[in-house]
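J.: I'd like to ask some things about the structure below.
Computed from the coordinates by the stated procedures, all read-outs in this text should not be read as laboratory data. Keep in mind that this is a model prediction, so the values were computed, not measured. Virtual Cβ from ideal backbone geometry, glycine too; neighbours counted across all protein chains shown.
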Amino acid sequence: MDTPVKFIKGVGEKRAQLLNRMGIFTLYDAVRFYPRTYLDFSSLTPISEIVPDTVCCFSAVVGYDPIKHLIRKNMTVYKTMVTDGVNGVNITIFNNSYLAESLETGKEYIFYGKVTASRGSLEISNPIVESADEGVAMRPIYHQTASLTSRMTERIMHQAVNLYLSRNIPDIIPDKIRQGFKLCHGQFAVKNIHFPENPHDLEIAKRRLAFEELLILQIGMKRLRSSNEKHTEHIIKKDYSEEFMSLLPFELTSAQKRAIADSLSDMKSGKPMNRLIQGDVGSGKTAVAACLLYVSAKNGLQSAFMAPTEILAKQHYNTLCNMLGEKGITVEFLTGSVTAKKKREIKERLRNGEVHIIVGTHALLSDDVEFSNLGLVITDEQHRFGVAQRGKLIFKGANPHTLVMSATPIPRTLSLIIYGDLDLTVIDERPKGRQKTDTYCVGTSYRPRIYSFIKKHLDSGLQAYIVCPAVEDNPDSDITNVTDYCESLSENEFSDYRVGLLHGKMKPKDKERVMADFLSGEIQLLISTTVIEVGVDVPNSVIMVIEDADRFGLSQLHQLRGRVGRGREKSYCILISDGSGEETRKRLGIMCRTNDGFLIADEDLKIRGPGDFFGARQHGLPDLKIADLTTDMPTVRQSKKACDMILAADPTLSLECHKSLAAAVDRLFSSEKSLSFN
């Protein structure tokens with residue numbers, strides 16, 4: 001399976017380089033490079049039953065040799081007519097002399113494409129053509145590049161599949177599991193995922209390969225979890241949580257107290273805590289983290305608190321300084337923007353144990369960041385880091401406790417897979433005083449009324465956000481860019497107000513200055529990109545306007561909406577979109593109907609699927625090539641059951657019947673540079 005792809009017949013060095021760019025390096029990668037769709041030639045439509053403006057497949061005989069027409073320079077058109085003996089379809093071929101010249105008068109072919117109607121006649125342009133006597137039932141269509149077409153890839157895959165079948169490679173799934181869950185053999189699955197005889201065989205292959213993919217993933221996550229369940233010296237001997245709560249000017253909710261109790265129970269057990277705290281925006285996760293940091297420091301342990309953005313890290317730092325700074329607990333801040341001299345000082349004090357809590361971004365992952373006694377690692381917005389980065393920070397200590405926080409609600413079934421190595425606590429209450437944010441969706445024609453609404457609130461001493469999807473103007477796109485938008489509002493509608501601009505391309509010190517001015521009230525209206533999506537807490541801001549709202553995912557819209565409604569004043573979220581599609585209306589309608597992040601996450605997942613749901617590979621999961629977590633939940637449950645059965649009988653996958661499975665697990669996780677297994 002590790003045979004380099006260049007040794008597959010018909011590939012060679014140059015094509016191997018093209019395949020490498022598509023992530024195909026070995027025979028294993030090749031047979032797992034599944035078609036993106038299929039052309040089904042097995043179901044033919046009689047010409048008399050063709051519905052115009054639909055894609056269909058029909059059989060017909062070429063009436064006469066295609067006639068060549070030179071329309072203009074670099075544009076040649078070939079025209080002919082095909083018939084089934086009763087009805088005909090006009091064929092137009094653009095700039096493809098090879099296809100036109102291959103059509104023989106009187107010979108029967110199968111044509112595939114979109115058929116239109118013009119002046120009472122049926123027409124098809126640039127159809128896909130198969131010889132009727134070749135007997136091709138279904139043709140795979142692969143992702144392609146400028147240098148490697150789907151047809152080229154198809155020919156390579158024929159050779160790869162034949163080589164795979166000739167090697168008589170053992171099935172990854174043991175016979176007992178395969179038979180128990182009524183799965184086809186791996187060889188049947190590989191052959192029919194690439195070259196199925198009919199849709200039925202394709203579905204059988206898809207189910208088997210999705211099951212296999214989910215089984216490998218869940219075994220990997222389970223083994224990762226078991227590797228975390230070691231002994232730790234970092235045992236909490238004295239519980240200072242009540243003392244911490246007495247320092248707060250507010251009372252924690254019962255859900256927050258439960259999260260603290262769950263975490264401290266883990267930290268007292270003698271095994272490293274590995275816990276996910278999942279709570280909707282504004283549910284008070286930071287207070288839970290602060291309590292655990294306080295208890296750890298009082299027990300002589302150092303802690304690292306990592307956030308995905310500098311703005312959020314700085315906010316956590318300021319919060320902790322205000323809460324703990326006067327209690328003899330040293331808190332420091334480390335990000336890429338900190339000066340070299342200051343970094344050296346902080347790192348030296350961290351090594352010496354003088355710093356109790358270090359708050360920062362990815363800068364904490366640097367090799368020269370060393371701890372004296374790292375006992376607790378907290379990562380905020382975990383889906384933005386992934387398993388490997390969490391692991392790099394954990395390895396800076398000797399089996400420290402790990403707390404993961406996420407304000408991105410993830411459906412329970414999905415979180416079991418993504419965070420299979422973690423225990424889960426859900427904070428399902430909002431702190432007292434937090435109000436529901438009313439949400440409205442309107443078109444761009446409402447902008448003047450929205451601006452008046454914002455001004456009324458600014459005049460009363462409150463603040464507002466307007467979020468745009470882009471930083472700069474793009475000539476190929478009509479989406480609103482934040483730079484021009486801010487300039488226009490500052491000079492026109494809001495010329496009498498203090499307007500600020502914030503986006504991710506600004507220098508860290510400039511971003512920090514803008515946020516400080518907004519927090520102090522110096523800036524009344526903040527025009528921003530999604531850089532304020534996570535964690536920014538300005539209780540005086542009560543209006544969130546989101547331009548081009550249809551460009552965002554529901555979970556992202558929910559995160560942005562969470563920036564308001566954090567104080568005692570009534571808050572509003574206004575989604576601006578001229579999108580008229582049914583899916584757009586459905587998605588934005590959900591935002592207007594509910595503030596429940598978990599319900600929104602469920603709907604978002606159903607509509608967009610897990611890849612788009614999490615954004616560009618932010619979740620740290622090994623890539624799922626065929627399993628669909630939105631529609632394959634029965635397969636998820638079955639594969640989990642199989643996972644439990646296999647690991648109960650053979651926890652280390654050392655039996656002969658599990659060796660191929662063990663290799664597949666190692667291959668998947670090593671390709672993601674994830675945590676290794678003990």
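J.: Just to confirm the number: angle between the C-alpha axis of helix 310-324 and the first principal axis of the chain, 0 to 90 degrees, nearest 10?
T.: On a 0 to 90 degree scale, this one is about 30.
J.: How high is the relative contact order of segment 474-570, in percent, counting Cα pairs under 8 Å that sit 6 or more residues apart?
T.: Reported relative contact order: 25 percent.
J.: Which order do the peptides 81-90, 306-315 come out in when sorted by mean C-beta neighbours inside 10 angstrom, highest first?
T.: In descending order of packing, they fall as 306-315, 81-90.
J.: Another one. Rounding to the nearest 20 debye, state how big the charge dipole of segment 43-136 is about its Cα centre with +1 on each Lys and Arg Cβ and -1 on each Asp and Glu Cβ.
T.: 600
J.: Further, regarding this structure: Which shape class, rounded, prolate or oblate, goes with segment 438-594 when its Cα gyration tensor gives a ≥ b ≥ c as root eigenvalues, a/c under 1.5 marks rounded, and past that a/b bigger than b/c marks prolate?
T.: rounded
J.: Note the angle between two axes, namely the Cα long axis of helix 447-459 and the longest principal axis of the Cα atoms of the chain, as a number of degrees from 0 to 90, rounded to the nearest 10.
T.: 10
J.: Also, quick follow-up: Tally Lys and Arg at +1 and Asp and Glu at -1 over the other residues with C-beta under 12 Å from the C-beta of residue 156: what net charge comes out?
T.: Here the charged neighbours net out to +3.
J.: Please list 3J(HN,Hα) in residue order for segment 70-77, calculated via the Karplus relation 6.51 cos²θ - 1.76 cosθ + 1.60 where θ = phi - 60°; whole Hz, with x for glycine and proline.
T.: The phi angles translate into 8, 6, 7, 4, 6, 9, 10, 10 Hz.
J.: Next question, about the same structure. Using only the Cα atoms of the chain, build the gyration tensor, take square roots of its eigenvalues as a ≥ b ≥ c, and label the shape rounded, prolate or oblate: rounded if a/c is under 1.5, else prolate if a/b is larger than b/c, else oblate.
T.: Oblate shape, in that a/c is at least 1.5 and b/c is the bigger or equal ratio.
J.: Net charge near residue 452: determine it from the other residues with C-beta under 11 Å of the C-beta of residue 452, scoring Lys and Arg +1 and Asp and Glu -1. The partial results should precede the final answer.
T.: Working: positive: 447, 449, 455, 456; negative: 459, 493.
Value of the local net charge: +2.
J.: A further question on this structure: Can you count the Lys pairs in segment 8-123 with C-alpha separation below 25 Å, eight or more apart or on different chains? Could the numbers behind the result be given before it?
T.: Details: 68/79; 68/107; 68/114; 79/107; 79/114.
So the count works out to 5.
J.: Follow-up question, since we're still on this one. Between residue 2 and residue 344, with labels modelled 7 Å along Cα→Cβ, what's the label distance in nm to one decimal, could you check?
T.: 4.4
J.: Take residue 398 and residue 354, extend 7 Å from each Cα along the Cα→Cβ direction, and tell me the distance between the two endpoints in nm.
T.: For the pair residue 398/residue 354, the computed spacing is 2.4 nm.
J.: Excluding residues on the same chain fewer than 8 positions from residue 432, give the aspartates and glutamates whose Cα lies under 15 Å from its Cα.
T.: Candidates past the 8-residue exclusion: 251, 280, 569.
J.: Treating only the Cβ of Lys, Arg, Asp and Glu as charged (+1, +1, -1, -1), what charge dipole size does the chain show about its Cα centre? Round to the nearest 20 debye.
T.: Numbers: 86 positive and 84 negative charges, 281 e Å.
Using Cβ point charges on Lys, Arg, Asp and Glu, the chain gives about 1360 debye.
J.: Given points 7 Å out from each Cα along the Cα-Cβ axis, report the residue 187 to residue 119 separation in nanometres with one decimal.
T.: Roughly 5.7 nm, to one decimal.
J.: List 468, 184 from most exposed to least, where exposure is judged by having the fewest other Cβ atoms within 10 Å.
T.: 184, 468
J.: For a protection proxy built on the mean count of beta-carbon atoms within 10 angstrom, sort 656-665, 323-332 highest first, please.
T.: The densest-packed peptide leads the list: 656-665, 323-332.
J.: If you don't mind, there's one more thing I want to ask. Can you pull out the GluC sites (Glu not before Pro) in segment 508-551 whose DSSP state is coil and whose Cβ has at most 15 other Cβ atoms within 10 Å? Before the final figure, lay out each step's value.
T.: Working: sites: 512, 522, 533, 547; in loops: 522, 533, 547.
Qualifying residues, ordered by number: 522.
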